[in-house]
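Asks: Sharing a structure with you now.
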Amino acid sequence: MADKTPKTAKDSLQRFLFEHAPVRGEIVQLEATWKAVLERRDYPSPLRELLGEMMSAAALLSATLKFSGRLVMQMQGDGPVTLAVVECSHDLIMRATASWEGELKAGTLRQLLGNGRFAITIEPEKGQTYQGIVELEGHGVAEALERYMARSEQLETRLWLAADKGFSAGMLLQRLPEGHGTDGDAWERAVHLASTLTRKELLALPARKIIHRLFHEEDLRLFEPQPVYFFCPCSRERVAAALRLVGREELTQLLEERGLIEVDCEFCNRNYAFDRGDLAQVFATENPAAATRH
Ligand SMILES: [Zn+2]
């Protein structure tokens, strides 16, 4: 296999396929996208690790789906981590946020979230929303998702995820249905080779180097890397639509108490302020079809 691109290409997703075996893979590495999430809130390190692993996992899973829309990976709980949410669109535009209470110690998903819920929602631009519930079992995000994929998609999937202050990265291997080649041992061999990858290598080596280091004896097809970006689509219009749902009466009262109604976007920290005149306008242009999210 040729390895002609020693140049680091961070913030991209690299797909690959075994030519003669039913195995496909992806590597995602995030730098600027991940920093855009981290610079908005000072996350304690166990939560930073959890959210970073969710970021890469969401990009990897979203790239395995043939859809137009967005994938939302969300954990909620009554433990020290109260919320962790990552959104990834089909064209790999991402945003993420999390909240917590008190001191955080490293632990399993259950220890971090307590009585929690881990849901994956697929919201296609057209058609029905689908939601799957991931059991909060195993040590971390990768293990919980592997079990979920085996149950729900009936596809054997292995994930390696890592995150630190500078990078979030992940690798996925998936066993395709039969008919994609005749090399029967390829799956076991691929998983065995992939398991030799260290956390440090996953975070630091360029994706093509990782692929070369692991699978240089295999016949692989590499696809063009796809860029990944951070972008928050919040807007004043969407906040206004959310305010309409709260109702004029409640907002008028709030305005009297505070003089200004302020809404901060939980994903990008952008601040939206509405005074008396703004509020009158919000309700003057009432539109029941407006979006409910901001
Ligand atoms: Zn925003």
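Asks: For A162, indicate whether it is over 16 Å from the mean Cα position of the chain (by Cα), among the aliphatic types (A, V, I, L, M) and in the same structural domain as E26 (by TED's automatic domain parsing). Please lay out each step first, then the result.
Replies: Details: over 16 Å from the mean Cα position of the chain (by Cα): no; among the aliphatic types (A, V, I, L, M): yes; in the same structural domain as E26 (by TED's automatic domain parsing): yes.
So A162 fails the test.
Asks: Out of the residues in segment 95-126 that are assigned to a strand (DSSP E or B) and of a type in the set (S, T, Y), state the one that is surrounded by the most Cβ atoms within 10 Å (Cβ to Cβ). Spell out the reasoning first.
Replies: Kept after step one, since they are assigned to a strand (DSSP E or B), are these residues of segment 95-126: 95-100, 117-124.
Add one more test, that the residue is of a type in the set (S, T, Y), and what stays is 97, 99, 121.
Working: T97: 20, S99: 14, T121: 14.
Step by step, filter segment 95-126, then rank; the result is T97.
For (1) under 22 Å from the mean Cα position of the chain (by Cα); (2) modelled with pLDDT of 95 or more; (3) under 18 Å from H20 (Cα atoms), each residue gets a yes or a no:
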{"residue": "F167", "(1), (2), (3)": "yes, yes, no"}
{"residue": "G179", "(1), (2), (3)": "no, no, yes"}
{"residue": "W187", "(1), (2), (3)": "no, no, yes"}
{"residue": "L193", "(1), (2), (3)": "no, yes, yes"}
{"residue": "L202", "(1), (2), (3)": "yes, yes, no"}
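Asks: For segment 223-273, name all the residues that are surrounded by 18 or more Cβ atoms within 10 Å (Cβ to Cβ), at pLDDT 95 or above and more than 16 Å from the ligand (Cβ to nearest atom).
Replies: P225, V228
Asks: To continue, here is another question. Report, ordered by the first and then the second residue, all pairs with beta carbons closer than 6 Å, sequence separation of six or more or different chains, a first member in segment 140-156 that is part of a helix (DSSP H, G or I), and a second member that is among the hydroxyl-bearing types (S, T, Y) and at pLDDT 90 or above.
Replies: Cβ pairs passing all conditions: E146/T157; M149/T157.
Asks: So A186 ticks every box in (1) more than 22 Å from S12 (Cα to Cα); (2) exposed (fewer than 14 other Cβ atoms within 10 Å of the Cβ); (3) touching a residue at least 40 places away in the same chain (Cβ under 8 Å) but one. Which box is left unticked?
Replies: Every listed condition holds for A186 apart from (2).
The values are calculated or read from the model by the stated rules, or taken from the named source; none is laboratory data. In this text, all values refer to a predicted model and were calculated from it rather than measured experimentally. Note that each Cβ is placed from the backbone with ideal geometry, even for glycine, and that neighbours are counted across all protein chains shown.
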